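The values are calculated or read from the model by the stated rules, or taken from the named source; none is laboratory data. Since the structure is predicted, the reported quantities are computational estimates derived from the model, not experimental observations. Please note: Cβ atoms are built from the backbone with ideal geometry, for glycine as well, and neighbour counts cover all protein chains shown.
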Amino acid sequence: MRHAGAEALDGLEPLLQELRQVDGLVERSRGVFYRRSRAFLHFHEDGRGLYADVRVGEEFERLPVTSDDERRQLAALVRSL
């Protein structure tokens, strides 16, 4: 599974804008977010859809973000961590 390209990130732009507003997150490059000095969130794409890898504790968890509902769930999770 490859990292999300520019076209995929274009489709995620409303979500990216929301994530940019979360205190403590820094977008080091488009769609790649850090919390403090650690990688925290980035996106992947494949033929089945879009996915986010988000750090939950010490490990990354892969979550689907293809649908609007999945994107809302990711945003809520990020705000809760």
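Does the stretch 11-18 include one or more residues that are out of contact with any strand residue (DSSP E or B) (no Cβ under 8 Å at 6 or more places or on another chain) and charged (D, E, K, R)?
Yes, the conditions are met somewhere in the stretch 11-18.
Pick from the stretch 55-65 the residues that are loosely packed, with under 15 Cβ neighbours inside 10 Å and not aliphatic (A, V, I, L, M): which of them is nearest to E13 (Cα to Cα)?
Checked the stretch 55-65; the qualifying residue nearest to E13 (Cα to Cα) is R62.
Got a number for residues in the stretch 7-27 being of a type outside the set (G, A, S) and surrounded by 12 or more Cβ atoms within 10 Å (Cβ to Cβ)?
Selection size over the stretch 7-27: 10.
Give A52, A75, A4 a once-over and let me know the one that is of a type outside the set (S, T, Y), touching a residue at least 60 places away in the same chain (Cβ under 8 Å) and buried (at least 16 other Cβ atoms within 10 Å of the Cβ).
The conditions single out A75.
Of D53, D10, D68, D46, which residue is among the acidic types (D, E) and at pLDDT below 95?
Criteria check complete, one pass: D46.
Show me the strands (runs of 3 or more DSSP E) found entirely inside the stretch 1-52 where at least 3 residues are under 10 Å from the mean Cα position of the chain (by Cα).
38-46
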